[in-house]
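**Q** Can you read through this structure? Questions will come right after.
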Amino acid sequence: MSKLIGEPVKAHADNDSMLTAFIWRRRLYRVVEVHSWWWEPSEWWHGKAVRFFIRVNAQNSSEGTYELYRLGEQWFLSRVLD
Amino acid sequence: MSFIHLHVHSPYSFLDGASTIDRLLEKARALEMPVLALTDHNRLTGAIRFYEKAIVCGIKPIIGAEVNVEGDHHLTLLCKDKQGYSNLCRLLTEAHLSKRKCPPQATREALRQFRVGLIALSGCRQGEIPDLVGRCKYEEAVRAACFYRDVYEDDFFIELINYPSRKSLSDSYRLAQFARQQKLSTVATNNVHYADMEEYTIKELLNAIDRNIFVSQLQGPRTVEQYLKSSEEMDGLFRDIPEALANTEEIASRCNLELELGKPRFPKFALPEGETDYSYLSKLTYQGAQRKYGSLSSCVKQRLEYELDTIKKLGFCSYFLAVWDIVHWAQERGIRCQARGSAVDSLVVYVLDISIADPIEHDLLFERFMHPLRHEPPDIDLDVDRRRRDEVRDYVCEKYGAENVACVATINTYLARGAIRDVGKALQMPQEIIEEACNGIHWLSASQLLEYADSRPELKKSEIYKRPELADFFKLCATIDSFPKHLSVHLGGLLIGDGRLSDLVPLEWSSGGDIISQYDKDDIEKLGIVKMDILSLPTMTVIEDTLSDIEENHGISIDLDRIPGDDPAAFAMLRDGKTIGTFQLESPAQREMAGRLLPERFEDIIVSLALVRPGPLKSNMDKLYLPRRHGKEPVTYLHPNLRDALGETLGVILYQEQVLEVAHDLAGMSYAEADGFRRAMTHDRTDEEMEKMRESFITCCRKNGVSSKIAEEIFEQLAAFAAYGFCKAHAVAYGVLA
């Protein structure tokens, strides 16, 4: 099960542009494990760009699985997985 | 370890591959890939150009195809060697020809029959085994695996494709597990459809065009992953299955096809006992020459000896005999049939009755047609009475065997109009925009459209090409410039093999029901297969009807060979512009030219045919020639040594043959070298190549006492002329017919 979010987040990346942490609703989530990443096609005929997705385990007060995507320079939290 | 891409589509997958062969090779080279395969859908149409270009790039080419097999499944096949290539050609032919008006499909029997020399990969998601495993039909998958292993033995591999996605377990893991259970080898591929990720849009656009739907209506899973990935990217995707990566190299090492390009493969001509092809050709040539000339002058003898010697040295005797045989057969049955084009430059062609124009009388240069430095098969194009062309074609099929004869294909490619219409439709552009954008553009590519939007009068008048909101649309149209759309029948081109054609060329049905090659005429030429153009010419039919009407109504039998070429009454009619119905001379432009040229001899007709064309008229050649023709301006030459070459056209270059003569007389080139020079100037060449030719020409001229300034000026004239030069032999052939 997962919960769709679709909100912008502030992301921190290391030197290889890999996500290390993100701030969502003013709370910091540290990435502890990267599960997978992939690109998704877009409605390019409407001028939309491909999106880079990443699924991570991140820790705040507890650990959870989160799916984020990047659109240009902006990161979004796509969904939270149970 | 270097990963090798073994499953790659180009635009010759017809509306599925989105990057040109050049682009794919460029990317492969940038990624330092030593080998690349080409596996287009059900066709080898791009294979020869891919093979040649890959070698030039220092990349080993692997030829293959993704073949549709029973059940609408896919199977990737790669050629290990010549036998594999031949079997792939035969398998594709069988798949296409077994059912007309149906998509190609190879049967299991055909796969078994044409298995030798081929490596089989289980295919993409549409492969039989991947499909069955994906749908958890394991028992059926096991049965299919047994079949493929039985047919291809150790040359069968389960193809693993891993596109990262949201799904936690990719199909390739299940497939890899299945392969392990069945003890089948695996190989990693990426089912490449474009060079870079962002080109996935082009693939989707092409797919929408192919299915005649809007891009937004495309069904099925979408991906951006079918690009030419680097070894590192592929290593990352298959880290857990290293043998699938290693097997790409293993398979590449088993594929060592060397195509024999440029080697002529002429059909065997059935010779009378005791004759060789050369002796028989000589015999027929001299018999023909005696019929034409009576006793032979030394000039005729020398020319015949030279031509026969050249034909023999180049190994083209049987080709000439084959053409002679067809023409002879047709003429015996009263079918009008004669050569056009540069073949008319040959005296052998004339005395064999293949052409009706005497090259001695009209001072035609054999080397424009063939010479010792030109190793391509000669091209003798035949014009035939339109009503009876099929009889001639049937004779060729009967003579050489239906399996050995087919029509040549033409690859229909995108120009601006087609691209605007198809892309516009797929993107749901308003019809009025499509119509406006297509209005008045002919024979332009979409890139030219953008390039010339400000300079060409027909484009300047419309603002549509400059509208910023349409810029992306036109860019998309330009991206598919010259992409192939479909194959059709080449006008008149017939292939005659030296054995079963499908051993060398895959064949398929044309939409009109002809059997056509999957290669176009250029690739056919590279394979050395004889192509003969047998063209329908309505004028031949008109002449035939006219002669029989005259005989029927007036009892007069007319021999065309005995019509005088200097009849004053006929020239008076030409000068008066009374040429409606006259072959080649009836157009308004020709009638207008007749009024200015005032023809009074046969040579004037040839000049008129060469002059009345867009190139010479745009370059004002008529304004240079006509005052000289009427004595209003003096005849001058840039150099006295041009007098021989250009004397007949009063110092103006009008014919391609004259380029050879100028290069011969001024730069001291042999005629063969001069023809190479002419061809190099005519074909696409870089500025650098042109500069080299200029330097070499000027240096040679200087050695012969021609100043640099004059040599430079003459080179400029030749270079400008090369773009639109007309073959005199062709003009003579059509002049005689007129």
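**Q** Buried by at least 10 Å² relative to the chain on its own: which residues of the stretch B:205-227 qualify, computing accessible area with a 1.4 Å probe on protein heavy atoms?
**A** Hits at the 10 Å² cut-off: B:V215, B:S216, B:R222, B:V224, B:E225.
**Q** Considering all projection directions equally, how large on average is the shadow of the alpha-carbon convex hull of the protein assembly as shown, in square nanometres?
**A** Over all viewing directions, the protein assembly as shown projects a mean Cα-hull area of 43.8 nm².
**Q** Let me ask something else about it. So which lysines can B:K101 reach, going by Cα to Cα under 18 Å and dropping same-chain residues fewer than 8 places off?
**A** B:K485
**Q** Straight-line reach from B:K263: which lysines have Cα under 20 Å away, leaving out those fewer than 8 places along the same chain?
**A** B:K53, B:K82, B:K312, B:K313, B:K521, B:K526, B:K531
**Q** Something else about it: Hey, can you find the accessible area per residue of chain B for me, probe 1.4 Å, expressed in square angstrom?
**A** 44
**Q** Taking every alpha carbon pair in the stretch B:567-737, what does the distance histogram look like in 10 angstrom bins from 0, in percent?
**A** 10, 37, 32, 16, 5, 0
**Q** Next question, about the same structure. Using the alpha-carbon atoms, what tilt in degrees (0 to 90, nearest 10) does helix B:21-30 show relative to the longest principal axis of chain B?
**A** Relative to chain B, helix B:21-30 is tipped by roughly 60 degrees.
**Q** If you plug each phi of the stretch B:191-206 into the Karplus form 6.51 cos²θ - 1.76 cosθ + 1.60 with θ = phi - 60°, what whole-Hz ³J(HN,Hα) values come out, in order, with x for Gly and Pro?
**A** Residue by residue, the stretch B:191-206 yields 6, 5, 10, 7, 6, 10, 3, 5, 7, 4, 5, 5, 4, 5, 4, 5 Hz.
**Q** Treating cross-link reach as a plain straight distance, find the aspartates and glutamates whose alpha-carbon is under 13 Å from the alpha-carbon of B:K425, omitting any fewer than eight places away in the same chain.
**A** Counting by Cα, and skipping residues close in sequence, B:K425 has these aspartates and glutamates nearby: B:D210, B:E435.
**Q** Continuing with the same structure: Give me the percent of the accessible area of chain A that comes from carbon and sulfur atoms, probe 1.4 Å, all protein chains in place.
**A** 46
**Q** Please list, ordered by chain and number, the residues whose modelled amide H lies under 5 Å from the amide H of A:L71; skip anything fewer than 5 residues away on the same chain.
**A** For A:L71, the qualifying residues are A:F76.
**Q** In addition: Provide B:E109, B:E250 ordered by accessible surface of protein heavy atoms (probe 1.4 Å), highest first. Before the final figure, lay out each step's value.
**A** Working: B:E109 125, B:E250 75 Å².
Per-residue accessible area, sorted high to low, gives B:E109, B:E250.
**Q** With only alpha-carbon atoms in the gyration tensor, what are the semi-axes of the equivalent ellipsoid for chain B, in Å, largest first?
**A** The answer is 53, 31, 26 Å, longest axis first.
**Q** Also: Order B:V612, B:V215, most accessible first, counting only protein heavy atoms with a 1.4 angstrom probe.
**A** B:V612, B:V215
**Q** Right, another one. Quick one: dipole size for chain B, taken about the Cα centre, charges +1 on Lys/Arg Cβ and -1 on Asp/Glu Cβ, in debye to the nearest 20.
**A** Values: 89 positive and 114 negative charges, 159 e Å.
Charge dipole, chain B, about its Cα centre: 760 debye, nearest 20.
**Q** Which residues of the stretch A:16-59 show a drop of at least 50 Å² in accessible area when all protein chains are present, compared with their chain alone (probe radius 1.4 Å, heavy atoms only, ligands and nucleic acids excluded)?
**A** A:W38, A:W39, A:P41, A:W44, A:W45
**Q** In the stretch B:520-631, carbon and sulfur make up what percent of the accessible area (probe 1.4 Å)?
**A** Working: 3090 of 5890 Å².
Summing carbon and sulfur atoms, their accessible area is 52 percent of the total for the stretch B:520-631.
**Q** Hey, what do the phi angles of the stretch B:378-383 turn into as Karplus ³J(HN,Hα) couplings, whole Hz, using 6.51/-1.76/1.60 and θ = phi - 60°, x for Gly and Pro?
**A** So the Karplus estimates, Gly and Pro as x, are x, 10, 9, 8, 10, 9 Hz.
**Q** Taking the full set of protein chains and a 1.4 angstrom probe, give the accessible area of B:E233 in square angstrom, rounded to the nearest 10.
**A** The value for B:E233 is about 70 Å².
**Q** Next question, about the same structure. Taking the Cβ of B:A144 as the center, what net charge do the other residues with Cβ under 11 Å away carry, scoring Lys and Arg +1 and Asp and Glu -1?
**A** -2
**Q** Of all the accessible heavy-atom surface of the stretch B:135-176, with the other protein chains kept in place and a 1.4 Å probe, what percent is carbon and sulfur?
**A** Numbers: 1100 of 2170 Å².
Roughly 51 percent of what the probe reaches on the stretch B:135-176 is carbon or sulfur.
**Q** Only Cα pairs under 8 Å and at least 6 apart count here; give the relative contact order of the stretch A:2-81 as a rounded whole percent.
**A** 31
**Q** Next question. Take every Cα pair under 8 Å in the stretch B:415-481 that's 6+ residues apart, average their separations, divide by the length, and report that relative contact order as a whole percent.
**A** Relative contact order comes out at 43 percent.
**Q** Treating the beta-carbon of each Lys and Arg as +1 and of each Asp and Glu as -1, no other charges, what is the dipole magnitude of the protein assembly as shown about its Cα centre, to the nearest 20 debye?
**A** With Lys and Arg at +1 and Asp and Glu at -1, about 1840 debye.
**Q** OK, next. Would you pull out the residues with amide H under 5 Å of B:M33's amide H, same chain only if 5 or more places away, H placed 1.01 Å from N?
**A** Amide H neighbours of B:M33: none.
**Q** For the full complex of protein chains and a 1.4 angstrom probe, list B:H193, B:H683 by accessible area with the highest value first.
**A** Of B:H193, B:H683, the descending order of accessible area is B:H683, B:H193.
**Q** Chain pair A, B: how much accessible area is buried, both chains summed, with a 1.4 Å probe, in Å² to 100?
**A** Details: alone 5760 and 33130 Å², together 37590 Å².
The summed interface area works out to 1300 Å².
**Q** Separate question: With charges only on Cβ, +1 for K and R and -1 for D and E, what is the dipole size of the stretch B:567-737 about its Cα centre, in debye, rounded to 20?
**A** Its charge dipole is roughly 400 debye.
**Q** Next question, about the same structure. Run the 1.4 Å probe and let me know the accessible area of B:F214, rounded to the nearest 10 Å².
**A** Here the accessible area works out near 70 Å².
**Q** When the helix-only estimate is applied to chain B (DSSP H runs of n ≥ 4, each -39,500 (n - 2.57), divided by the residue count), what is the mean residue ellipticity at 222 nm, nearest 500 deg cm²/dmol?
**A** Calculated from helices alone, the mean residue ellipticity at 222 nm is -14000 deg cm²/dmol.
**Q** When the Karplus curve 6.51 cos²θ - 1.76 cosθ + 1.60 is applied with θ = phi - 60°, which whole-Hz ³J(HN,Hα) does each residue of the stretch B:277-282 get, with x for Gly and Pro?
**A** 4, 5, 4, 6, 5, 4
**Q** Add +1 for every Lys or Arg and -1 for every Asp or Glu among the other residues with Cβ under 10 Å from the Cβ of B:L495, and state the total.
**A** +2
**Q** Quick query: amide H of B:Y519 versus all other amide H atoms, modeled in the peptide plane; which residues come in under 5 Å with a sequence gap of 5 or more or a different chain?
**A** It is B:A409, by chain and number.
**Q** Per residue and in Å³, how big is the convex hull formed by the alpha-carbon atoms of the stretch B:415-481? All intermediate terms of the calculation are to be shown ahead of the outcome.
**A** Details: hull volume 4.8 nm³, N = 67.
Once divided by residue count, the hull of the stretch B:415-481 is 71 Å³.
**Q** May I pose another question? Using the alpha-carbon atoms, what tilt in degrees (0 to 90, nearest 10) does helix B:317-332 show relative to the longest principal axis of chain B?
**A** Tilt of helix B:317-332: around 70 degrees.
**Q** Quick one: compute the contact order of chain B, relative version, from alpha carbon pairs under 8 angstrom and 6+ residues apart, as a percent.
**A** 12
**Q** Hey, another quick one. Using only the Cα atoms of the stretch A:2-81, what do you get for the radius of gyration and for Dmax, in Å?
**A** 12.4, 42
**Q** Net charge near B:L261: determine it from the other residues with C-beta under 12 Å of the C-beta of B:L261, scoring Lys and Arg +1 and Asp and Glu -1. List each step's numbers first, then the result.
**A** Details: positive: B:R49, B:K263, B:R265, B:K526; negative: B:E52, B:E258, B:E260, B:E376, B:D522, B:D523, B:E525.
Within the 12 Å Cβ shell, the charges total -3.
**Q** Follow-up question, since we're still on this one. Which residues, if any, in the stretch B:162-198 lose at least 20 square angstrom of accessible heavy-atom surface (probe 1.4 Å) when the other protein chains sit next to their chain rather than the chain being alone?
**A** Listed by number, the residues meeting the 20 Å² cut-off are B:P164, B:S165, B:R166, B:M197.
The values are calculated or read from the model by the stated rules, or taken from the named source; none is laboratory data. Since the structure is predicted, the reported quantities are computational estimates derived from the model, not experimental observations. Here the Cβ is made from the backbone with ideal geometry for all residues, glycine too, and neighbour counts use every protein chain on show. Heads up: the accessible areas ignore ligands, DNA and RNA and are worked out on the full protein's heavy atoms, side chains in. Shrake-Rupley method; radii C 1.70, N 1.55, O 1.52, S 1.80 Å.
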